[in-house]
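Take a look at the structure below.
Every number in this text was worked out from the coordinates using simple rules, so none of it is lab data. These numbers were taken from a predicted model, which means no experiment stands behind them. Methodologically, a virtual Cβ is constructed for each residue, glycine included, from the backbone with ideal geometry; neighbour enumeration extends over all protein chains shown.
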Amino acid sequence: MYAQMIKSTGKGVKALEDMDPQERAFQERIDAGGKIEPKDWMPEGYRKTLIRQIGQHAHSEIVGQLPEGNWITRAPTLQRKAILLAKVQDEAGHGLYLYCAAETLGVSRDQLTRDLLSGKMKYSSIFNYPTLTWADMGAVGWLVDGAAIMNQVPLQRTSYGPYARAMVRICKEESFHQRQGFDIMMKMAQGTKAQRHMAQDALNRFWYPSLMMFGPSDKDSVHSAQSMAWKIKMNTNDELRQKFVDQTVPQAEHLGLAIPDEALRWNDERGHYDFSEPDWSEFYEVLKGNGPCSAERMAARNKAWDDGAWVREGLLAHAEKKRARKLAAE
Amino acid sequence: MSDPLFEFLCRMGDNALVLGHRVSEWCGVAPALEEDIALANTALDLVGQATLWLDLAAEVEGAGRDADALAFRRDVWDFRNLLLVEQPNGDFGQTMMRQFLFDAWHRAYLAALTDSSDTRIAAIAEKSLKEVTYHLDRSAETVIGLGDGTEESHRRMQTALDRLFPFVGEMFVTDEVDAAMITACIAPDPRSLRAGFDSYLAEVLAEAKLIQPSGDFSHKGGKSGARHSEHLGHMLTQMQWLQRAYPDATW
C-alpha cells in the first residue's frame, strides 16, 4: 500500500438521511457501484481526500525509484540490469499516470511536487529503508510490491474513474514486478552460502517495514470509515495485512527462509496466521521523517528538482520561442 | 591482434554497454519525470543491444564465455568502447550532448551495418537501428531545445559541446580491425561516414545556436583499448563488483 494515514474529513460518516439531495445522490451512486468522473459534482472532502491519497501514491512511485536505483549500477548480470531498469521505468510511468489522475481533481503536478519537496505531503514509509545488498532487490519486489498489490488490486474498483483506470494499468505491471522479485529471492535462496545469508538478512530487515505499509491497526485508523464509505479505500488495514501474511508465509517456506517472528503460527480456528505486530513507534518516527534514509531520500529529490530547474526553464523558453516564431510567420 | 571480428563485436557491444551504464546512473534524479522515463528507456535499449553484440562476440570467440563474462569479468584494457561514451555524465546538458554526438554516429553506422555480409550482424543492426533512430530524434531535439532556450541553458550546452567535441574524431578513425571488416564487407569504413555526420551536426548546431569548436584534435585510445580515460576503471569497479566479489555465485 503506497498510501498511509490519509486524512479524510475527520468527522464520522453521515447517514444518507442527513445529506442534502446532491450529496445523497452522489453517495447512492457510489453505493450502487457507479463511477465518479472529473466533471461530476463531488463533496469537497471527497476531492481533498483523493488528492492526498493519489498524490501520496504518486510520490511513493517517484521516491520508490531511489532504493532500486541504488542497485541498477551494481546489478550482477546484463539481464538483471535490464529487468531492474524496466521496473524503475514502470514506476516513473505509474507516477505519471497518478499525477495525471490527481490533476483531474484540480491540482497541478508542480504543486504536488512542491508539497512533496517541502515535506508537507508524504510518501510510503517503506522507501525510507536502505537497500544494502542485491537480495534487497528481491525483497523489495517480493514483499514491497507484494504488499502494494494487495491494496491496488481492489482499488481497480474504486469509485473515482480516473484513479480506477490508472490502477488497472499499474496492477498489470506490479504483478510482473513481484514475480521478478520472487525470482531474485529464489536464485539467492538456492545459491551459495553468502547468497542465502543475503536473502535471509533482506527478509529480516524488510519484513516488519512491509507490514507497516498497510498503515496502523484499524482501531487506530481514524479516517478509514469515511474513505471506505466513499469507496476510495476498499479494505481495512488489518484485513489487507492479514491477507499479505497469509500469502507470504508459504512463499517464505518455499524459499527455505525464516520469517523473523517467533509468534508466527497457523491458527486453525481463525483460518489465518497469527503474527506479531510491527513496532508502531518506529512507524510513527519514520512518518515524522526519522526513517533510516529519510534525509537522504528528501535530499536526493530536492537536489534532482533544483539541479533540473535550468533544464525545465530552458525547454520551456524554447517552446515559447518556437510558438512566437510560428505566430510571426503566419 | 586477436580475431578482428571478435574485436569489432566487442567495440559495438562495449559502446552500448558503457553508455547504457552511464545513462542508467540517472535513475530517479532526472530534471523531470518524462526525462526519467526517457533516460531509463535509452539505457534499457543500450543494455539490450550490448547483450546481443557481446553474446555474438563470445560465440565468435568460442572460448566458453558469454555476454556476462565479457561485461563483468574483463578489465579496463580489454574494453573497446569509444572514449566519448565513458565520459562522466556531468550535468544533464553534458549527458544529452554526449548522447547526441554518439547517436548521430551510431545511427549512421548501424544503418550501414544493416547491409553487412554477416547476417547475424545485419540482424542486430536492424533491431538496434529502430531504437537508435528514436534516441537520436530525442537527443537532437533536446540539444536544440536547450541550446536555443535560456541564456543559462545555452551557456551550459556550449560548455558541454566544447568539452566533448575532442572525442568526436575517434568515431571516424579507421584502423586494422576496420580494414579487415571492410575487406570482408562486414562493416563500413568509418571515414566514409564523416561527411554525412558533419553536415547533420552543422544543421543541428545551427538550430541550437551553438558554435562548433574549431580544430580537429581528437583523443584516441578507446576503441583500440590502448589508453582509456581514468573514468572507465571507476565505472567498472561499481558495475563489476558483485561478479568479482562472489565469483562462484549465479544470479
In bins 10 Å wide, starting from 0, what share of all Cα pairs of the protein assembly as shown does each bin hold, as a percent? 3, 16, 24, 23, 18, 11, 5, 1, 0
In whole angstrom, note down how far apart the Cα centers of region B:15-56 and region A:188-245 are. 32 Å
Given the candidates A:167, A:128, A:278, the one whose Cα lies deepest towards the positive end of the charge dipole of chain A, counting +1 at each Lys or Arg C-beta and -1 at each Asp or Glu C-beta, is A:167
For region A:33-103, what relative contact order do you get, as a whole percent, if you take Cα pairs closer than 8 Å and at least 6 residues apart? 44 percent
For residue A:160, other-chain or 5+-apart residues with amide H closer than 5 Å (H placed, Pro excluded) are A:36
I need B:227, A:312 ordered by Cβ neighbour count within 10 Å, fewest first. B:227, A:312
Roughly what percent of Cα-Cα pairs across region B:67-155 reach past 19 Å? 55 percent
If each part is reduced to its alpha-carbon centroid, region A:21-95 and region B:187-249 end up apart, in Å, by 39 Å
Here region B:111-251 gives, from Cα atoms, an Rg and Dmax in Å of 18.7, 54
Footprinting proxy, B:242, A:78: sorted fewest to most Cβ within 10 Å, the residues are B:242, A:78
Where Rh is the Kirkwood radius over the Cα pairs of region A:1-123, the temperature 20 °C and the viscosity 1.002 mPa s, what D in µm²/s does Stokes-Einstein return? 129 µm²/s
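Give me the dipole magnitude in Debye, nearest 20, for the protein assembly as shown about the Cα centre, with unit charges on the beta carbon: positive for Lys and Arg, negative for Asp and Glu.
Dipole of the protein assembly as shown, to the nearest 20 debye: 880 debye.
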Considering chain A as a Gaussian network with a 10 Å cut-off on Cα pairs, which listed residue, A:71, A:230, A:41, attains the greatest mean-square fluctuation? A:41
Straight-line reach from residue A:321: which lysines have a Cα under 21 Å away, not including same-chain ones fewer than 8 places off? B:209
Return the inverse of the average 1/r over all pairs of distinct C-alpha atoms in chain B, which is the Kirkwood hydrodynamic radius, in Å to one decimal. 18.5 Å
Across region A:168-177, in residue order, what do the Karplus-derived ³J(HN,Hα) couplings come to in whole Hz, using 6.51 cos²θ - 1.76 cosθ + 1.60 with θ = phi - 60° and x for Gly and Pro? 4, 5, 5, 4, 4, 6, 5, 6, 5, 4
Could you tell me the largest-minus-smallest coordinate of the C-alpha atoms of region A:155-297 on each of the three principal axes, in descending order and whole angstroms? 50, 43, 33
At 10 °C in a medium of viscosity 1.306 mPa s, region A:186-245 has a Stokes-Einstein diffusion coefficient, with Rh taken as the Kirkwood radius over alpha carbon pairs, in µm² per second, of 116 µm²/s
Using the count of nearby Cβ atoms within 10 Å as a rough guide to exposure, how do B:117, A:221, A:159 rank from fewest to most? B:117, A:221, A:159
One quarter of the C-alpha convex hull surface, i.e. the mean projected area of chain A in nm², amounts to 21.0 nm²
